[in-house]
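Let me begin by presenting the structure, written as structure tokens, before commenting on it.
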Amino acid sequence: MKKCLLIAALAGAAASASAQTSNPQPIDISNIVAVRAGAPQYGERLSPVWSNGRFPGVNLGFFGAVYDMLDDINFVGGPWAGETGRVITQINVGVGQFSPGWNCTMRFEFYESADFCNATDILQGAAPFASYSINFAGSGSGIYSWFTLPVSIPVPDTDDQIFMRFTILDENTTSVWTGAANAFLPGYANDLTVGSGSPSIAWNTLNQNITPYFAGGCPSIPTGVAATHEHRTIATSGAAGGPGWYGILSGEVTLPDPPGITDLGCLNDGFTTVNHTAAPGEVKWYKFCINGDATDAALQFLDIDTEGSGVDASFAVYQYGTGALLRDDANSGSGDNAQVSFGVGRRGGVGGLDYDGRSGELLASNEYLVAITSGDGVFGPSYSANSAGPGGALRLRFNTNTNGTPLAASVPPNVDSTIYDLGDLTQLSANPPEADMDPNWVVWYRFEVCSDVNDDGNEFATGPYVDVDFTGSFVNSDTDVVVFDGSGNVIASEGLTPPMDDAGAGLFSQISWGDVAPARFGVGGVDFAGQQGNLSAGVYYMAVGLCCINPVDGRWHARSTSGSSLPANFTFFFEGLEECSGGGCSPCAADYNQDGGVDGGDVEAFFIDWENAEGCSDVNEDGGVDGSDVEFFFIVWEQGGC
């Protein structure tokens, strides 16, 4: 998985109202986390009619001290151009939070173009034709929230261009935000994929007065140009499209089909392969259906990839008719190949990710489109697909069992010999790497215990135990964890089996095997007291995600229902475990690889571990991995043994 880093803005002085020749200052944060707020609405033909944003935050940015903004919403070039009876039924909006402990009201106001272009005071003298407000309780700092809001906003039939004002207000007032600086900031981006718009946007900090905002004559004047008009716009590159309000407006639409669709019909079980030689910049469309659901419950799947293509390839999967973008990918396969996987896992990958069902589930009641192109295509809702790729030989492969073919045996997660392979727990010398998740993903870990972890039956003596504590995870996140044994069977499921649910502090996960008493102290949650029973010696795989993870027993399969992107951190605590014979550290450093001889293989094995600061490379057992271990190793190696 390649984590999307969201580039936001903050830090630095807020632009003052008198600074008329400067744009607001962007804030630079490279690791802001993304959270969904609200569930999507569903309609037979609900689709974006204007889109300049997407989750989890492509091209996202923020301007410091900007709480009030105005943008044009132009339906020309989109599915609502010239249509009548238009009603906005869903708003998606991105808001950044950079100061905890505050609440606000978010207000959307919609104006006709005539009110904007003809009034002496651009907005002050005009009433919006629609308004919608919602209160928002802040949840922290360094968070980007993606809201899905059900609305009902009729759009005038005669207007293909409207204007929307989005304002952060003091909670339950009409006053533009006066609380902590940058506590809530509207998102901006150049990510327009549906509809059109001007290459600039109006912000409150670019007016000569603090209030009323957006007052002044027409036309608006670019920043830095001397004039009597109060209204200003950010001067940006027209070629780049300029920054705009980060959000999506959706409604009922009838989408025309993309051009040149090849209909593959309903897929047969096994592989279906199509080849196409693409011209530079060409996007090729394929339509398909499936005869059965690709879901966990049905034990059926659909995998799609570009393995065998002669050039870098990418593609997107859409629901036919609605234009909903279900999933797109550029490089989850081998090399520069793309790959998605729907339904139940798990099948081994071809040099890339496993075919693990991470992309969601598909129903046989729908039809689907795939848009494939060379290079890294730019895909958006409502069949928006653009490419600057060089062209070349493309191959699209479908693999499914949705006609009823029984599943093949599952493979374990491909984490062996990676940073997520924790190996023998007795040799674990640091916390496991962070579970850095994209929406609906889980992060897999492998670990091994080489002695049974059983309660000793003595409430006064500490017996063997293994505890897993998630209190280091992102504040207020709802973590989840599922543990599988070496055969793919679920042995622990924190989010699904009471009383394990949220046993740690707040909504954090917590797992405890082995000794019941005396209990180990739980920070903010229940004490660790062997709630998950005994743990037999063996290899285990742990899926870490956000609530809730739905596993499939016997298949090392797990998918999160969360649409958020928050990191999880956890720590293993254990006592009374035996080292794995042959898998632990060599009793004699000279025979470091434990093959029975002292030769160059031991030198190579030692330095691999030493360069990665592995616990076994602390051969002089002084508690650290440093140059003194190299000296000690060569002393015993050169003498041929210990």
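Quick one: in segment 114-135, which of the residues that are assigned to a loop (DSSP other than H, G, I, E, B), closer than 16 Å to Thr174 by Cα and open to solvent by 70 Å² or more (accessible area, probe 1.4 Å) is modelled with the highest pLDDT? Residue satisfying both the conditions and the ranking: Ala127.
Confirm whether Ala65 is part of a loop (DSSP other than H, G, I, E, B), open to solvent by less than 30 Å² (accessible area, probe 1.4 Å) and at pLDDT 70 or above. Taking the combined requirement at face value, the residue satisfies it.
Rundown of residues vs (1) within 27 Å of Asp618 (Cβ to Cβ); (2) assigned to a loop (DSSP other than H, G, I, E, B); (3) hydroxyl-bearing (Ser, Thr, Tyr), yes/no style:
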| position | (1), (2), (3) |
| --- | --- |
| Gly423 | yes, no, no |
| Ala430 | yes, yes, no |
| Asn440 | no, yes, no |
| Phe460 | no, yes, no |
| Val466 | yes, no, no |
| Asn476 | no, yes, no |
| Phe484 | no, no, no |
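Scanning segment 246-304 for residues that are farther than 28 Å from Arg347 by Cα, of a type in the set (A, V, I, L, M, F, W, C) and open to solvent by less than 20 Å² (accessible area, probe 1.4 Å) yields Ile248, Leu249, Val253, Ala278. For segment 614-623, residues that are open to solvent by less than 60 Å² (accessible area, probe 1.4 Å) and touching a Ser or Thr at 6+ places or on another chain (Cβ under 9 Å) total 5. Annotation: of all residues in segment 373-398 being open to solvent by 30 Å² or more (accessible area, probe 1.4 Å) and assigned to a strand (DSSP E or B), the one that is farthest from Leu325 (Cα to Cα) is Ala393. Restricting attention to segment 624-642, and to residues there that are open to solvent by less than 70 Å² (accessible area, probe 1.4 Å) and aliphatic (A, V, I, L, M), which single residue is nearest to Asp599 (Cα to Cα)? Among those residues, the one meeting the criterion is Val636. Say whether the condition of being charged (D, E, K, R), out of contact with any His (no Cβ under 6 Å at 6 or more places or on another chain), modelled with pLDDT under 85 and open to solvent by 10 Å² or more (accessible area, probe 1.4 Å) is met by at least one residue in segment 169-183. No, segment 169-183 contains no residue that is charged (D, E, K, R), out of contact with any His (no Cβ under 6 Å at 6 or more places or on another chain), modelled with pLDDT under 85 and open to solvent by 10 Å² or more (accessible area, probe 1.4 Å). Any residue that is farther than 23 Å from Asp191 by Cα, surrounded by fewer than 16 Cβ atoms within 10 Å (Cβ to Cβ) and modelled with pLDDT under 70 - is there at least one of those in segment 94-106? Within segment 94-106 (the criterion being farther than 23 Å from Asp191 by Cα, surrounded by fewer than 16 Cβ atoms within 10 Å (Cβ to Cβ) and modelled with pLDDT under 70), the answer is no, since none of the residues qualifies.
Counting only residues that are of a type in the set (Val, Ile, Thr) and outside any strand (DSSP E or B), how many does segment 251-269 have?
The qualifying residues number 2.
The values are calculated or read from the model by the stated rules, or taken from the named source; none is laboratory data. For clarity, every value in this text was computed on a predicted model and none was experimentally measured. Virtual Cβ from ideal backbone geometry, glycine too; neighbours counted across all protein chains shown. Heavy atoms of the whole protein, side chains included, go into the accessibility calculation; ligands, DNA and RNA do not. Shrake-Rupley method; radii C 1.70, N 1.55, O 1.52, S 1.80 Å.
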